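> Just dropping this structure here.
The values are calculated or read from the model by the stated rules, or taken from the named source; none is laboratory data. Just so it is clear, the model here is predicted, and its values are computed rather than measured. All Cβ positions, glycine included, derive from the backbone under ideal geometry; neighbour counts span all protein chains shown.
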Amino acid sequence: MAESASGPSDKSVQVKLVLLGEAAVGKSSVVLRFVSNEFQPNKEPTIGAAFLTQKCRLEDRVLRYEIWDTAGQERFHSLAPMYYRNAQAAVVVYDVTKASSLEKAKSWVKELQRQANPNIVIALAGNKLDLVQPKSPAADGTSIDGDEPDDATATPGEAGAAESEVPRAVPTEEAQAYAQEAGLLFFETSAKTGEGVVELFTDIAKKIPIEHILASSRGAGRNGGPSGRGAANQQGVNLEESAAKGKDACNC
Ligand SMILES: Nc1nc2c(ncn2[C@@H]2O[C@H](COP(=O)(O)OP(=O)(O)OP(=O)(O)O)[C@@H](O)[C@H]2O)c(=O)[nH]1
Ligand SMILES: [Mg+2]
């Protein structure tokens with residue numbers, strides 16, 4: 001961990017953040033984009049949970065996210081409380097092309113609001129935004145998987161006129177209205193292009209009550225693990241990547 005190597009300030013605050021959401025909505029991909037600025041088109045499902053870290057510079061402070069990326073498959077649901085317990089932030093992810101994934105996200109939000117830390121900062125993220133955006137050859141500059149030509153009638157120059165790859169199933173306004181009503185931050189993201197990802201983590205960082213965390217960590221020790229020390233060794237936990245590699249990808 002290259003904690004003190006890069007910045008003038010060493011006042012690093014640890015923030016435990018958990019990702020929740022239906023299987024295959026792109027939780028791991030969003031985290032991979034945030035931590036390593038990479039995207040894997042065929043990312044395998046998470047087993048149990050994965051742990052990653054990333055730093056985020058906030059004015060005079062460096063915040064160090066300790067990220068628990070949980071598995072969305074239903075068989076892992078019962079493990080979730082281990083990961084959201086003591087979390088200061090949660091990102092609940094859905095897929096903008098799949099309406100049922102927003103319903104699942106809502107049920108995670110309810111569970112968090114009932115059972116997680118009452119001060120938890122929750123963000124709702126509608127991922128796979130790239131799939132519902134009009135295809136235009138140079139729009140995101142990252143068309144990495146075969147630039148097959150759009151059909152001849154497409155007009156890439158006209159915003160909104162070209163057809164997207166997949167129909168949108170969750171209108172932005174609907175999710176935004178729900179987020180507002182439930183008191184959540186709201187973003188639409190694409191782990192594939194990176195759109196919205198840094199903004200998501202940066203805005204969460206800005207809402208974290210840092211002074212409160214500093215005060216409680218002075219008194220009560222750290223709360224990094226899913227349910228205390230050693231929990232990372234519990235069944236199913238896959239510590240697939242554990243270092244931020246000293247990067248400051250948060251850009252905040
Ligand atoms: N086009 C597109 N595909 C994405 C995006 N995010 C993830 N995917 C793809 O969706 C699939 C599932 O992504 P994951 O990141 O593994 O999803 P997950 O939510 O972590 O899934 P579980 O670990 O099973 O809960 C993978 O094939 C990803 O490449 C995105 O923003 N755009
Ligand atoms: Mg995953």
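> Kindly indicate which of R33, R64 is touching a helix residue (DSSP H, G or I) at 6+ places or on another chain (Cβ under 8 Å), among the basic types (K, R) and touching a residue at least 60 places away in the same chain (Cβ under 8 Å).
R33
Results for (1) surrounded by 15 or more Cβ atoms within 10 Å (Cβ to Cβ); (2) farther than 28 Å from P171 by Cβ; (3) among the β-branched types (V, I, T), shown as yes or no for each residue.
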| position | (1), (2), (3) |
| --- | --- |
| A24 | yes, no, no |
| E44 | no, yes, no |
| E66 | yes, yes, no |
| N86 | yes, yes, no |
| K104 | yes, no, no |
| E111 | yes, no, no |
| N117 | yes, yes, no |
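> On to the next question. Based on this model, can you work out whether A90 counts as among the small types (G, A, S), at pLDDT 95 or above and either surrounded by fewer than 18 Cβ atoms within 10 Å (Cβ to Cβ) or within 16 Å of ligand 1 (Cβ to nearest atom) (or both)? Reasoning before the result, please.
On the way: among the small types (G, A, S): yes; at pLDDT 95 or above: yes; either surrounded by fewer than 18 Cβ atoms within 10 Å (Cβ to Cβ) or within 16 Å of ligand 1 (Cβ to nearest atom) (or both): yes.
Spelling it out, A90 is indeed among the small types (G, A, S), at pLDDT 95 or above and either surrounded by fewer than 18 Cβ atoms within 10 Å (Cβ to Cβ) or within 16 Å of ligand 1 (Cβ to nearest atom) (or both).
> Of (1) within 21 Å of G183 (Cβ to Cβ); (2) away from ligand 2 (no atom under 14 Å from the Cβ); (3) not charged (D, E, K, R), Q54 satisfies all except one. Which?
(1)
> When only residues in segment 118-134 that are touching a strand residue (DSSP E or B) at 6+ places or on another chain (Cβ under 7 Å) and farther than 30 Å from P81 by Cα count, which is modelled with the lowest pLDDT?
Looking only at segment 118-134, we keep the residues that are touching a strand residue (DSSP E or B) at 6+ places or on another chain (Cβ under 7 Å), and these are 120-129, 131-134.
Cutting the leftovers down to farther than 30 Å from P81 by Cα gives us 131-134.
Numbers: L131: 97, V132: 96, Q133: 90, P134: 84.
Out of the qualifying residues, it is P134.
> Then there is this: If I ask for residues that are in contact with a strand residue (DSSP E or B) (Cβ under 8 Å, 6 or more places away or on another chain) and within 12 Å of ligand 2 (Cβ to nearest atom), which ones from segment 33-50 would you list? If you could, list the steps in order and put the result at the bottom.
Just the residues of segment 33-50 that are in contact with a strand residue (DSSP E or B) (Cβ under 8 Å, 6 or more places away or on another chain), to begin with: 34-35, 46, 48-50.
Of everything in segment 33-50, those that are in contact with a strand residue (DSSP E or B) (Cβ under 8 Å, 6 or more places away or on another chain) and within 12 Å of ligand 2 (Cβ to nearest atom) turn out to be T46, G48, A49, A50.
Residue-wise test of (1) out of contact with any Asp or Glu (no Cβ under 9 Å at 6 or more places or on another chain); (2) touching a residue at least 12 places away in the same chain (Cβ under 8 Å); (3) farther than 25 Å from A177 by Cβ.
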residue: V25; (1), (2), (3): no, yes, no
residue: N42; (1), (2), (3): yes, no, yes
residue: R75; (1), (2), (3): yes, no, yes
residue: M82; (1), (2), (3): yes, yes, yes
residue: N86; (1), (2), (3): yes, yes, yes
residue: V92; (1), (2), (3): yes, yes, no
residue: A105; (1), (2), (3): no, yes, no
residue: V109; (1), (2), (3): yes, yes, no
residue: N119; (1), (2), (3): yes, yes, no
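> Checking the structure you have, find out if any residue of segment 195-216 is modelled with pLDDT of 95 or more, in a loop (DSSP other than H, G, I, E, B) and at negative phi.
There is at least one residue in segment 195-216 that is modelled with pLDDT of 95 or more, in a loop (DSSP other than H, G, I, E, B) and at negative phi.
> Whether any residue in segment 13-20 is touching a Leu at 6+ places or on another chain (Cβ under 7 Å), touching a residue at least 60 places away in the same chain (Cβ under 8 Å), farther than 19 Å from S101 by Cα and not in a helix (DSSP H, G or I) is what I want to check.
Yes, there is a match, as at least one residue in segment 13-20 is touching a Leu at 6+ places or on another chain (Cβ under 7 Å), touching a residue at least 60 places away in the same chain (Cβ under 8 Å), farther than 19 Å from S101 by Cα and not in a helix (DSSP H, G or I).
> Identify, from the list T70, T97, the residue that is of a type in the set (S, T, N, Q), within 16 Å of ligand 2 (Cβ to nearest atom), in contact with a helix residue (DSSP H, G or I) (Cβ under 7 Å, 6 or more places away or on another chain) and modelled with pLDDT of 95 or more.
On the way: T97 fails: within 16 Å of ligand 2 (Cβ to nearest atom).
Just a single option satisfies the conditions, and that option is T70.
> Which one is nearest to P209 (Cα to Cα) among residues in segment 74-114 that are acidic (D, E) and under 18 Å from the mean Cα position of the chain (by Cα)? It would help to see each step written out before you state the result.
The first filter runs over segment 74-114 and keeps only residues acidic (D, E), leaving 74, 95, 103, 111.
So of that shortlist, the ones also under 18 Å from the mean Cα position of the chain (by Cα) come out as 95, 103, 111.
On the way: D95: 29, E103: 29, E111: 21 Å.
The selected residue is E111.
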